[in-house]
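Visitor: Have a look at the structure that comes next, please.
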């Protein structure tokens, strides 16, 4: 490799690393300032404090490679008990919400095919998330509207253990929706969008 081509490779790699770190920083900010601050997930703060969340940023994957990454991240959970949960983040792909839902369906099928049902589960977050039957401007959608499309891989046993300790866990979704609607669409959008300003 020539000196000039080597420098170009290094500069490109360094730029990608910098952008990856920015995406992770923005995602961390969203977790702290939306998910935790709004109490959308009562269990998230503990994992942030424990630093047990793994962030996997994937640039321009195809559906096939995205599913391959999901399988690799299941293996990470198999091998790393210190990792509680994983966010696979897609900064520049799966921007169309319905294309993303197709990916979620295939991800769930993959978990079933690989024997991970009952062990891991996938939660869905997307910038244009929309509950079935809800209008696009329903503030409740922001309970699942993230800064980037992502697949959230969780340990099912940990979820069940946390829910057993939580009073009235069935009330969490309704409480989240009520909170978001009381704040309103404009406020919730502003809160989410400011997370993109993270360094």
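All of the numbers you see were taken from the coordinates with simple rules; none came from a lab. Everything numeric in this text was worked out from a predicted model, so none of it was measured. In this analysis, Cβ positions are derived from the backbone assuming ideal geometry, glycine residues included, and neighbour counts consider all displayed protein chains.
Visitor: How large is Rg/Rh for the chain, to two decimals, with Cα atoms and a Kirkwood Rh?
Guide: Rounded to two decimals, Rg/Rh equals 0.99.
Visitor: Rounded to the nearest 5, what % of the DSSP beta bridges within the chain are antiparallel ones?
Guide: Working: 11 of 16 bridges.
Among the beta bridges of the chain, antiparallel pairing accounts for roughly 70 percent.
Visitor: I've got another one for you. Picking from 56, 72, 22, which is most flexible by a Gaussian network model of the chain using Cα springs under 10 Å?
Guide: 72
Visitor: For region 48-142, what's the relative contact order in percent, using C-alpha pairs closer than 8 Å and at least 6 residues apart?
Guide: Taking the mean separation of contacting Cα pairs over the length of region 48-142, I get 28 percent.
Visitor: Helix 63-79 sits at what angle to the longest principal axis of the chain, using alpha carbons and giving 0 to 90 degrees rounded to 10?
Guide: 80
Visitor: Additional query: Please work out how much length the chain gains when fully extended from residue 131 to residue 28, using 0.36 nm per residue of separation minus the C-alpha to C-alpha distance, in nm with one decimal.
Guide: Result for the pair: 34.7 nm of gain on full extension.
Visitor: Report, to the nearest 10°, how far helix 3-30 tilts away from the longest principal axis of the Cα atoms in the chain, using its own Cα long axis and a range of 0 to 90°.
Guide: It works out to around 10 degrees.
Visitor: Please determine, in degrees from 0 to 90 and to the nearest 10, the orientation of helix 172-183 with respect to the longest principal axis defined by the Cα atoms of the chain, where the helix direction is its Cα long axis.
Guide: The angle comes out near 90 degrees.
Visitor: In addition: Given the -39500 (n - 2.57) contribution per DSSP H run of 4+ residues, what per-residue ellipticity at 222 nm results for the chain, rounded to the nearest 500 deg cm²/dmol? Spell out each step's value before the answer.
Guide: Details: 7 runs with 100 residues, N = 199.
Roughly -16500 deg cm²/dmol at 222 nm, from the helical runs in the chain.
Visitor: When each pair of different Cα atoms in region 89-199 is counted once in the 1/r mean, what is the Kirkwood radius in angstroms, to one decimal?
Guide: Across region 89-199, the inverse of the average 1/r is 15.5 Å.
Visitor: For the residue pair residue 189 and residue 60, what label-to-label distance in nm results when each label sits 7 Å from Cα along the Cα-to-beta-carbon direction?
Guide: 3.1
Visitor: Once you have the Cα-Cα distance between residue 106 and residue 39, take 0.36 nm times their residue separation minus that, and quote the gain in nm to one decimal.
Guide: 21.2 nm
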